Every structure is written in C-alpha cells, then in structure tokens.
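Presented below is the structure to which this report refers.
The values are calculated or read from the model by the stated rules, or taken from the named source; none is laboratory data. For clarity, every value in this text was computed on a predicted model and none was experimentally measured. Here Cβ is always computed from backbone atoms with ideal geometry, including for glycine, and neighbour counts include all displayed protein chains.
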Amino acid sequence: MEKTFESVPEGALTGSLRDYRAPEGADLVGRVGAFYEWQNLRREHGLWPYARSTETAPQARCEARTDSGQTFAGINFASQDYLSLSSHPAVKQAAIDAIAEYGVHSAGSAALLGNTANSLKLEQGLSEFLGGREIVLYPTGWAAGYGSIQGFVRTNDHVVMDILAHSCLQEGAKAATQNIHYHGHINLDALARKLERIRNNDAQNGIMVVTESLFSMHSDTPDLGAMRALCDRFNATLLVDCAHDLGSIGDDGLGHLGLQNMLDGADIIIGSFSKTFASNGGFIAVRDRATAEYLKYYSATHTFSNALSPVQAASVLTALNIVRSEEGRQLRRKLMDNILYLRAEMTKAGLETLGDPSPIVPVRLGLEGVGRFASRHLSALGGIANLVEYPAVPQGGARFRFQVMASHSFEDIDQVVEILARSMRDADLEYRVSHEGQAAEPRRAGRTGAA
Ligand SMILES: Cc1ncc(COP(=O)(O)O)c(C=O)c1O
C-alpha cells in the first residue's frame, strides 16, 4: 500500500544550532528564545531526536524516552559502551564494594583531599597500561581535554589543531591563547604549511599540535608518525586525544597509539573513561613526574573541580583490568567482528558507511531534512542511533552515528540494517512530499558533498 505522509513546514527541515549561537540584544536571557521556537517546531513533528533518556540499562536492546515523553524501544546503537563493560558483573560489583567502603563521594578536589585509595590504584593501573607514563585524573574526559591545553599553553604560544578536533580541545585552546591555527581534517600538508609559517615568524614560543587518534564523527585516523616528524622538525609538542579507541581497538587495546607504534611518540595523551571504561572521568598521561605535578596545580579542571568519586575510580579500574586481560582481547575481537559485519551488511543494503572500521560507524544521510525524517522513522521502527547534523558535521553531510558494542549479536545487526534501509527509503519519500512543487533532487546531497 502506498504510504501517505503529511507535509512538514520547511522550518522544521532546515536551520541548525549554529543559527542561534550568537543571539544579539541587551537582554542576555530573553534573547535566547528563538532557539526554543525552532526546536519546538521540530519537536511538534517528531524531528527533535536529542536529549532522549534510557528507561532501562543502555544495553544492546533498551527502552528509551524522547524529551517530549514518548517512550520507544529498540536495538540500541547509541551507547558508547564499546566493550559492554558498564553492565559487566565484575564492574558492577566493584562499584557496590566501593560504596560499601567509602560511601558514594570523594572529599573534594584531588589537589586537596579528593583522591582515594581507588583513584591512586587507578593511576597506577593506567600508568602500567600506557608504558609507565605519569597519570593525572580528571572528573570527565571533557575536563581532561580542556585542561590539557589550558594547563600548558600561554598567551603567546600557538595551538595548531585539526578543524574537527573535539569541543573540549577547541575550548581549551580558546581559553589559553588567541593564536589558534586550524588545519584541514587529517591533512598533513596543511599542518606542515601552518607550522612552517608559524616558526618562520616566531622562534620563541611554544606550539602545541592537537589531534585525535580516532575522530568521533568521521571514524578516521591521522598518520601519527608523520605528525610526530613534523613536530620534531618545527619544535612543537604533540597532543593526542584517544577517547574513542583506547581500550576498544587493537589486540592490546592501545588503540591507534598501539597500532601505529606511537605510544612513546605522543608528548601528551588524553583520554576519557566514558566510552570503554564504564564511567565518567578522564586522564592526561605525560612523560614525567615534573610535568604531571605542574598539571595538578595549573590545569583548572583538575585543581578546581571535585575528584573522581571512589565508585567511579573503582569501576574504571575494574574495567581497565578487563581491558588488559584475555577477556578484554576476546571482547575486542567480538566488537571488531560486529563492526565489520555491520559495515558489510549496510553496504549490501545499498547504504553508504563512512570512515574506517572502528566502533563508530557513520552512515551517510545527506541533507539535514532527510536525516531528521530518517531518524524519526528509525526509532519508530525499533532502531536507536544518534543523528549527527551540521554544525557537528559539514552542511549537507548529515549522518547516523552507529556505535557498536561487543554485546551486539549478528541478529541485532541484521534487524537494524533492515530497519535502517526502510527508514531511509521512507525518509526520501517523505522529504519529497514535503517539497512537492520543488525540485525533487538532490535528496542525498551529501553523497557528493562536503563530508
Ligand atoms: C574526542 C573526544 N574527546 C573528549 C571527549 C569528552 O569525553 P567525556 O564525554 O568523557 O567528557 C569526547 C566525548 O565525546 C570525545 O569524543
């Protein structure tokens, strides 16, 4: 039977968060209302797929609720719990034991009395995992990213970073200096040109080169060895954020730092516990004690924020021990089998996956309007994945970000691919209906577009 779709106002299919980023007027609070109007227009048509909550544990199948209160259930590809450790019995037991021993919170900042026996053990475990580096813990991965730049870079220094570097890195750079130089995404020639220009004009001050070992919207990776060589040539410091691949990728779990033999090559490594390590929290790993001690008192998000709770530290430590064990290796193999199977099945179904195999599988949607419809259809049909749209990705490059877990089964994957293919067919059709009278092409502009 032919499907019928209601026409949706253009305003719900276009526009982006960027439109409301710099409102004008003297009333700081009053001037933000336009965003809510646009958001509500999308919400009225079921096209606001953000700020959803889970009603059950965020495992391979889960129940969830939209921010308008509608509940739905489905196969969940929107959790970043890549090795499925957040519901591992040993991790849960470690959290329970920590509560029994310490209660649920820590005493304050780690610069005062906030550390616990658990956080000290976690520092030790991470140090062993990362080849003997000194570890500084942070309350979130975001705080670690921000603090890693704000802690080291001063007004006259330079930050050279990938245009797609995570918000925590961009904000840390903005807090530290006005000398921020963005280069094209994983473009080594562009990086070299920037470095040469800076050094030709300024031999005195520091340069921090900032990148990620796995970019979380594109699932791609820079050549870290080549970046190291450029840093050596231009006397720069290399910082690598390994939030998404540490623990989840590579036989030893060291992510692309391990795969590219670059564990020693990065001057500063930062990471997050919130993906593979089953808790909020993050860390910075540096080469020596002097550097770590400096960060503890000069990176604001460590010094002036409450330390990880003993429950978080115990959960992460237990997750880390699993990551480093044979069980962790097996989980990574299962995860990679799932990733490869998902990508292959999507391709067979005529869908376009982006980037390289990693727990993040971006699927091209194209125009924002098509993406918004596809997202609504996907959850209505029992699939859960996050919609990513401009400005998080280039305009016309909307995508689903599927996040794969070790606990997914091939059956979960078969079902979600079928649902996804149907959602995208329906989205194309619905988008066309909403544009009746307008040119039907191009509905998947992103195929040839900016991403
Ligand atoms: C590359 C990168 N760095 C840092 C973070 C922040 O980590 P957290 O969510 O643990 O604060 C994220 C989270 O999405 C990330 O993708």
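The condition of being in a strand (DSSP E or B), touching a residue at least 60 places away in the same chain (Cβ under 8 Å) and over 30 Å from A313 (Cβ atoms) holds for only one of V160, V136, that being V160. Annotation note: Cβ proximity below 8 Å between a residue of region 27-56 that is of a type in the set (D, E, K, R) and a residue that is part of a helix (DSSP H, G or I) (sequence gap 6+ or interchain) occurs for R42/A12; R42/R372; E44/A12. Considering only residues in region 18-60 that are out of contact with any helix residue (DSSP H, G or I) (no Cβ under 8 Å at 6 or more places or on another chain) and among the aliphatic types (A, V, I, L, M), the one that is surrounded by the most Cβ atoms within 10 Å (Cβ to Cβ) turns out to be A51.
Taking E441, is it at pLDDT below 95 and assigned by TED's automatic domain parsing to the domain that holds F72? So E441 fits the description; yes.
Scan region 390-420 for residues that are of a type outside the set (G, A, S), in a loop (DSSP other than H, G, I, E, B), buried (at least 24 other Cβ atoms within 10 Å of the Cβ) and touching an Asp or Glu at 6+ places or on another chain (Cβ under 9 Å) and jot them down. M405 - this is the single residue of region 390-420 that is of a type outside the set (G, A, S), in a loop (DSSP other than H, G, I, E, B), buried (at least 24 other Cβ atoms within 10 Å of the Cβ) and touching an Asp or Glu at 6+ places or on another chain (Cβ under 9 Å). For region 180-195, the criterion of being at pLDDT 95 or above, within 16 Å of the ligand (Cβ to nearest atom) and in a loop (DSSP other than H, G, I, E, B) is met by at least one residue. Pairs linking a residue in region 392-403 that is over 11 Å from L365 (Cα atoms) to a residue that is aromatic (F, W, Y) and at pLDDT 95 or above, with Cβ atoms under 9 Å and 6 or more positions apart or on different chains, are F402/F77; Q403/F77; Q403/Y82. The condition of being modelled with pLDDT of 95 or more, assigned to a helix (DSSP H, G or I), within 14 Å of the ligand (Cβ to nearest atom) and hydroxyl-bearing (S, T, Y) holds for only one of T276, T301, T318, that being T301.
Restricting attention to region 127-139, the residues being surrounded by 20 or more Cβ atoms within 10 Å (Cβ to Cβ) and over 14 Å from I268 (Cα atoms) number 3. So is E345 among the acidic types (D, E) and outside the structural domain of G125 (by TED's automatic domain parsing) or not? The answer is yes for E345. Quick check on region 223-239. Is at least one of its residues within 15 Å of the chain's Cα centre (by Cα) and within 14 Å of the ligand (Cβ to nearest atom)? Looking through region 223-239, none of the residues is within 15 Å of the chain's Cα centre (by Cα) and within 14 Å of the ligand (Cβ to nearest atom). Step by step: first the residues of region 153-170, then only those that are more than 11 Å from the ligand (Cβ to nearest atom) and closer than 22 Å to P391 by Cα, then the one that is surrounded by the most Cβ atoms within 10 Å (Cβ to Cβ). Which residue is that? Selected residue: V159.
The sole residue among G265, G253, G225, G271 that is part of a strand (DSSP E or B) and not aromatic (F, W, Y) is G271.
Scanning region 280-291 for residues that are more than 9 Å from the ligand (Cβ to nearest atom) and in contact with a Phe, Trp or Tyr (Cβ under 8 Å, 6 or more places away or on another chain) yields a count of 2. Every test in (1) buried (at least 19 other Cβ atoms within 10 Å of the Cβ); (2) more than 11 Å from the ligand (Cβ to nearest atom); (3) farther than 21 Å from D337 by Cα is passed by D264 save one, and that test is (1).
Scanning region 371-386 for residues being of a type in the set (A, V, I, L, M) and crowded, with 24+ Cβ neighbours inside 10 Å gives a total of 4.
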